[in-house]
1. Based on a Kirkwood Rh over C-alpha pairs, give the Stokes-Einstein translational diffusion coefficient of chain A at 25 °C and viscosity 0.890 mPa s in µm²/s.
2. Cysteines without a disulfide-compatible partner in the protein assembly as shown, using Cβ under 4.7 Å as the rule?
3. Measure of size requested: the Rg and Dmax of the stretch B:166-264, with Cα atoms as the atom set and Å as the unit; please supply both.
4. Looking only at other chains, what is the average number of their beta-carbon atoms within 10 angstrom of each beta-carbon in A:195-206?
5. Where nothing but the Cβ of Lys and Arg (+1) and of Asp and Glu (-1) is charged, how large is the charge dipole of chain B around its Cα centre, in debye to the nearest 20?
6. Only four residue types carry charge here, +1 at the Cβ of Lys and Arg and -1 at the Cβ of Asp and Glu. Report the dipole size of the stretch A:122-235 about the Cα centre in Debye, rounded to the nearest 20.
7. Take every Cα-Cα pair in the protein assembly as shown and report what % of them are more than 38 Å apart.
8. Put a dot 7 Å past each Cα toward the Cβ at A:Arg268 and B:Leu91; how far apart are the dots in nm?
Amino acid sequence: MARPVRAMHFAASRRYVAVLLAAVVVLVVVGAYLSGVGRGRGYLLMATTTSTRDTGLLPYLLPKFTGDTGIEVRYVAVGTGQALDAGRRGDVDFVMVHAPGLEDQFMADGQGRCRNLIMYNRFVIVGPAGDPAGITRSISGADGFLRIYQNASLFESRADNSGTHNKELGLWAAAGLDPASFGPWYEKTNQGMGNTLTIANEKAAYTLSDDGTWYARESTLPYLRLLFSRDEDVLRNQYSVIPVEPNLHPGVLFNEAVAFAQWLVSPRGQGLIGDFTVGGHMIFTPNGVQAC
Amino acid sequence: MPKDGQEPMGDPTALLFLALGVVVGGILPVIGLVIDLVVIGILASAGIVFLLVWVVRGMRTRGLLVCALAFSIGFVLPLAVWFVLTTRDILQITFLSLYVTGTSTLVSTAIAVPLGIALGLHEVGGQRLVRNILFTLYGLPPVLAGLLVFLLLSRGGPLGFLGLLFTPLGMVIAQVVVVTPIILGITTSVVSTVERRVKETAHVLGADRRQLAATVMHEAAAGVLTAVMVGFGRAISEVGAVFIVGGHIQGQTQVLTTTIITDVQQAAYAHAVGLGAILLVLGGIVYALLFRLQERTLP
């Protein structure tokens, strides 16, 4: 009683299945090609931080390196911790971060071949336009933090073990304060600078930022102002480029990474860094030291 | 008096409102009137919903609501055109979104549908064990799947030699892990329901195993397509897993959803709303096609 009508449908669905499988094979092969399977990466891959990305420096700098050397550079922008971890895993060829304490640990663990200082910008304190804690009158960064504490003003901490976060903790310590004892005015975002600034803007809170991200974002943060900025050594935000140790990860493009580091500390790279502006402000001061 | 089933595309009223929307939407920015982003987002979404229903189902087009929706899509059209023309990477990002979503949905379908049919027809042993595993996978949060795939594909991990971390194929793998249980679960459920319903009748009519299977598959085809649609919906909206495994590398692994995240991080909200509108359109087109396909499978 079962009739060809059913069998016809079976055949029709067979056709669908064949088309489906063919499509799957084609698409996966295309994907493998796009992903450079078997060929190796055709470009240099860097792990850097969201702060570096947010300043807009990389889209300005990287094409010029490619123009000079023909080497293409791409990057993943993640938190400082993940950037360094990507270096430890060998998922990237080099790292560009700004967390000297964590970088020292990275080098001590033998994860990086050579650490090249390239440039610095400045940590600044931003806060609500009315400045309830009166930090514009501060004599130092630590003093500004002390005033925020004394006024119990809302403060957003990145709390993500980034360079900025570690600098913030250092300033609290310099002011003789222990964040573990702070009240609810001290909030932790566990996020990057961009998101933390957005939150501080929404809540009219103080936060520590690097001036590069601040100037890049300033127009989108109407309730915040840059309240304290000074050329102190302790407020320096030092950037370094570290090629990953090739003995630990034989697949990394070590020579290209070294070429990039050398280019950054050369007069050409340092000149470009010094010429970079955001909203009319020169953000980075080149202080390159070649180590590779 | 509009007739049911009248070809909607030719109706002048809705098109008139569409044109009116385009004119108003084009003029306001020129005369310096800034429209709130939220309003634009809502209008874009409403307009896209209208377009989809119009295309898929056909609609009588004299209703006031329909005209309002036509106006809204006309309103955002100049903005959308301007957005596409001025955004550098939009084509690359959109293409990659389509590729990753489409490939992962198709791969998941190829894996899950045959398996689901086999499970639903009780062709495979260990039914209860498989079902328990399946329900566990149902509860697997996509972001956790992304994390596990990341650890697998990282050079420090077991599959690191493939070099697939931070690549499009890696993103496809992550999404396949997320989407396959969904398609599998719904397919199994649909097929076993139909099987239960059809089994007795088929037996009485003297069908053998193969013919029973063919009958069940024919009856369940619409349900299987629903499973594929749900899986596709999951794939196109996935953001956590593809962010972790893809790394959001410019020119390489940036898709619409991850770019919305980084746009918000950088407070580029207008750009993000535009990308969201494109997501809606892409999803809508695929759903429309799948709906049409599903209609052809219904008796």
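1. Translational D for this selection: 115 µm²/s.
2. B:Cys67
3. Using the Cα atoms of the stretch B:166-264, the pair Rg, Dmax is 19.5, 62 Å.
4. For this peptide, the per-residue mean of nearby foreign Cβ atoms is 1.
5. 480
6. Rounded to the nearest 20 debye, it is 180 debye.
7. 45
8. Result: 3.0 nm between the two label points.
We did not get these values from a lab; they are worked out from the coordinates using the rules stated. Worth saying up front: this structure is predicted, and the values here are computed from it rather than measured. Note that we place each Cβ from the backbone using ideal geometry, even for glycine, and neighbour counts take in every protein chain shown.
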